[in-house]
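A.B. asks: Just passing along the structure, written as structure tokens.
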Amino acid sequence: MDHSVIINNTISHVKDALREAEGGHDWHHIERVWNTAKAIGVEEGGDMLIIELGALLHDIADSKFHNGDEELGPQRALEYMNSIGLSNHVKSEVVSIIKHISFKGGHSSGVYKSKELDVVQDADRLDAIGAVGIARAFNYGGFKNRAIYDPSIAPNLNMSKEEYKNSTAPTINHFYEKLLLLKDKMNTPTGKALAEQRHAFMEAYLTQFYLEVKTQK
């Protein structure tokens, strides 16, 4: 099957699968990650079919919305790829990307590495920072009915994977527990360069946030 046909079919499949998804993990998130992954892939190299499929399918069943089930996403992606007759190599690499892309509170298994994972992971992490990342964080916090800010609850920088997954902390804490850490976790030179400005924007946002909080006291 032609590359463009595979991608167009996959886009249709993902749009349908995520038609009722939470706003920070919907088709528009996937589209941004896909476009960023393509741009990084052009600079860094790698198998573009694997990169594009990894980006398009990486949140096909995010564990956060499926009772913490980390196997469902890879399973649904594999079922879809089986249905369109992709090679075993492509299927294996895409499934591995989906299994290893997540931040997981900074507790990465480290058992799988590939150029394609590096590219897709950077693209996904870039969508978690900067202006879009801020919007996504507060959207998800609202979806989970979390406080925006509570000065009595300090960020926990030493969470286990399970603590991170089950956290109910205010959204501002998430900046310190994940978002501000991502700049230094980028894999590729292109990803690192793109992360710098977005990281600086988040720092400026937090400066303004605390300035406004202070004026209300």
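A.B. asks: In degrees between 0 and 90, to the nearest 10, how far off the longest principal axis of the chain does helix 189-215 point, with axes built from Cα atoms?
C.D. replies: Roughly 30 degrees, rounded to the nearest 10.
A.B. asks: Just the number: Rg to Rh for the stretch 158-217, Cα atoms, Kirkwood Rh, two decimals.
C.D. replies: On the Cα set of the stretch 158-217, Rg over Rh gives 1.06.
A.B. asks: Got a sec? How would GLU162, GLU177 order by Cβ neighbour count within 10 Å, fewest to most?
C.D. replies: GLU162, GLU177
A.B. asks: Something else about it: Among the listed pairs LYS99/LYS183; LYS64/LYS144; LYS64/LYS165; LYS99/LYS165; LYS38/LYS64; LYS15/LYS144, which have their C-alpha atoms separated by more than 18 angstrom in this model?
C.D. replies: Working: LYS99/LYS183 21 Å; LYS64/LYS144 11 Å; LYS64/LYS165 8 Å; LYS99/LYS165 15 Å; LYS38/LYS64 26 Å; LYS15/LYS144 23 Å.
In this structure, LYS99/LYS183; LYS38/LYS64; LYS15/LYS144 lie more than 18 Å apart at Cα.
A.B. asks: If you don't mind, there's one more thing I want to ask. How high is the relative contact order of the chain, in percent, with contacts defined as C-alpha pairs under 8 Å that are six or more residues apart? List each step's numbers first, then the result.
C.D. replies: Details: 243 pairs, mean separation 45.0, N = 217.
Computed over the chain, the figure is 21 percent.
A.B. asks: May I ask for the distance between the Cα centers of the stretch 132-163 and the stretch 1-71, given as a whole number of Å?
C.D. replies: The stretch 132-163 and the stretch 1-71 have Cα centres separated by 24 Å.
A.B. asks: Would you please give the FRET efficiency between ALA193 and GLU162, computed as 1/(1 + (r/R0)^6) with r the Cβ-Cβ distance and R0 = 25 Å, to the nearest 0.05?
C.D. replies: Working from the Cβ atoms, E equals 0.15.
A.B. asks: Using a Förster radius of 45 Å, what is the FRET efficiency between LYS113 and LYS214 based on their Cβ-Cβ separation? Nearest 0.05, please.
C.D. replies: Between LYS113 and LYS214 the formula returns 0.55.
A.B. asks: Between LEU157, LEU180, LEU53, which gets the highest mean-square fluctuation from a Gaussian network model of the chain, Cα cutoff 10 Å?
C.D. replies: Between LEU157, LEU180, LEU53, it is LEU157 that shows the largest mean-square fluctuation.
A.B. asks: Same structure again: Can you give the charge dipole size of the chain about its Cα centre, rounded to the nearest 20 debye, using +1 on the beta carbon of Lys and Arg and -1 on the beta carbon of Asp and Glu?
C.D. replies: Taking the Cα centre of the chain as origin, the dipole is about 560 debye.
A.B. asks: Would you mind ranking ILE11, ILE40 by Cβ crowding within 10 Å, fewest neighbours first? Walk me through the intermediate numbers first.
C.D. replies: Details: ILE11 16, ILE40 28.
Least crowded to most crowded, the residues run ILE11, ILE40.
A.B. asks: In Å, what Kirkwood hydrodynamic radius results for the stretch 3-215 from the alpha-carbon pair distances? Before the final figure, lay out the partial values.
C.D. replies: Numbers: mean 1/r = 0.0563 Å⁻¹.
With all distinct Cα pairs of the stretch 3-215 included, I get 17.8 Å.
A.B. asks: Taking the chain as a Gaussian network, where each spring joins two C-alpha atoms under 10 Å apart, which residue of VAL94, VAL132, VAL120 fluctuates the most?
C.D. replies: Fluctuation is largest for VAL132.
A.B. asks: Here is a further query. Which of ILE101, ILE50 has the fewest other C-beta atoms within 10 Å, and how do the rest follow up to the most?
C.D. replies: ILE101, ILE50
A.B. asks: State, to one decimal in nm, how far the label point of ASN88 lies from the label point of GLU43, with both points 7 Å from Cα in the Cβ direction.
C.D. replies: Spacing of the two 7 Å Cα→Cβ label points: 3.6 nm.
The numbers here are math on the coordinates, done by the rules we state, and not lab data. Not measured: the values here are computed from a predicted model. All Cβ positions, even for glycine, are placed from backbone atoms using ideal geometry, and neighbour counts span all protein chains on display.
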